[in-house]
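This report concerns only the one structure given below.
The values are calculated or read from the model by the stated rules, or taken from the named source; none is laboratory data. Because the structure is predicted, anything quoted here is derived from the model rather than measured. Because the Cβ atoms are built from the backbone with ideal geometry, glycine has one as well, and the counts that use them run over all protein chains shown.
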């Protein structure tokens, strides 16, 4: 596996009702400016683009939690890369509003301020996908959607999407958009992977199918657990290691064993198998996954050419049930 398999991630996936076509892997930008410095981040984005990738995800809050960072750090890295490569029109860029401390929530004025900050840091005059990063119960849904609609009509944003919404709030938002002729969420980005299935499949997946939304799940590799590196008694020096601990146990072992079996049949590592399984789910367009260096990216890129058999899908389904 190399970091530059030509066209391994060529855009083949219809992005809901938008008319856009994206790569089967959405490159997560959460690590840019955090665990990946600018040089590493640029190398990963170069490798992603060289493999045919065209869909990069970030948020204004990335990575405000790091001492010395102020938020917007990932957006700045991505913006500098877009400017240096001159490829803005070739890339689908997604960012988010609601979690950054200085522009928190989904009040109309907050959204207006936040989008201008993101546009400036990204060095662009439009955002392809603008997410509500989380729900804001303190702001009427009509007000939030009205502000998003204003951005779409102005050309600052092409499409809007929701992240971390409950099924009830997502349904209500879709209904309000339809009733008032407002721009509507065309995608959902929630927590979903082989280890986290129950809530998503019972509540969110039916809405995705019913409304033709694009599903773009985060934590696709269960905070790194589905790479197989987190095992009982194994210490991993990683900022994400603690997040994978809850998955260690009987069910986790069962899932990793199934992943190993399928990976061996395809002569690849476990991570791309876990990502390829997600692509078999109804309405799922592209899982998010991040890489802080070329070695990690070389592992991910394989998923673009991985075709799981019905028997392999059934094996993973059963192991993770």
Practice task
Would you check if residue 69 is at pLDDT below 95 and over 22 Å from residue 221 (Cα atoms)?
Solution key: yes
Exercise for the section: Taking residue 53 as meeting all but one of (1) part of a loop (DSSP other than H, G, I, E, B); (2) closer than 24 Å to residue 149 by Cβ, write down the number of the exception. Expected result: (2)
Practice task
Tell me, yes or no, whether the stretch 6-16 has at least one residue that is touching a residue at least 60 places away in the same chain (Cβ under 8 Å) and not in a loop (DSSP other than H, G, I, E, B).
Solution key: yes
Fill in the blank from the handout: Taking the stretch 1-11 and keeping only residues that are at pLDDT below 95 and either loosely packed, with under 15 Cβ neighbours inside 10 Å or under 10 Å from residue 55 (Cβ atoms) (or both), one is left with 2, 6, 7
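Quick check: is even one residue across the stretch 26-36 in contact with a helix residue (DSSP H, G or I) (Cβ under 9 Å, 6 or more places away or on another chain) and farther than 20 Å from residue 133 by Cα? Steps first, please.
Of all residues in the stretch 26-36, those in contact with a helix residue (DSSP H, G or I) (Cβ under 9 Å, 6 or more places away or on another chain) come to 27, 29-34, 36.
Going one step further and asking which of them are farther than 20 Å from residue 133 by Cα, we end up with 36.
Yes; the residues of the stretch 26-36 include at least one that is in contact with a helix residue (DSSP H, G or I) (Cβ under 9 Å, 6 or more places away or on another chain) and farther than 20 Å from residue 133 by Cα.
Within the stretch 284-321, how many residues are closer than 21 Å to residue 21 by Cα and surrounded by fewer than 19 Cβ atoms within 10 Å (Cβ to Cβ)? Reasoning before the result, please.
Applying the first criterion (closer than 21 Å to residue 21 by Cα) to the stretch 284-321 yields 284-290, 300-307.
Now restrict to residues that are surrounded by fewer than 19 Cβ atoms within 10 Å (Cβ to Cβ): 305, 307.
So the answer is 2.
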Practice task
Determine if the stretch 86-95 includes at least one residue that is touching a helix residue (DSSP H, G or I) at 6+ places or on another chain (Cβ under 7 Å), in contact (Cβ under 8 Å) with a residue 60 or more places away in the chain and on the phi < 0 side of the Ramachandran plot.
Solution key: no
Fill in the blank from the handout: With criteria (1) touching a residue at least 40 places away in the same chain (Cβ under 8 Å); (2) assigned to a helix (DSSP H, G or I); (3) surrounded by fewer than 20 Cβ atoms within 10 Å (Cβ to Cβ), residue 46 comes up short on (1)
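Conditions (1) in contact with a strand residue (DSSP E or B) (Cβ under 6 Å, 6 or more places away or on another chain); (2) closer than 23 Å to residue 32 by Cα; (3) surrounded by fewer than 22 Cβ atoms within 10 Å (Cβ to Cβ), marked per residue:
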position: 185; (1), (2), (3): yes, no, no
position: 189; (1), (2), (3): yes, yes, no
position: 198; (1), (2), (3): no, no, yes
position: 206; (1), (2), (3): no, no, yes
position: 210; (1), (2), (3): no, no, yes
position: 220; (1), (2), (3): yes, yes, no
position: 226; (1), (2), (3): no, yes, no
position: 256; (1), (2), (3): no, no, no
position: 267; (1), (2), (3): no, no, yes
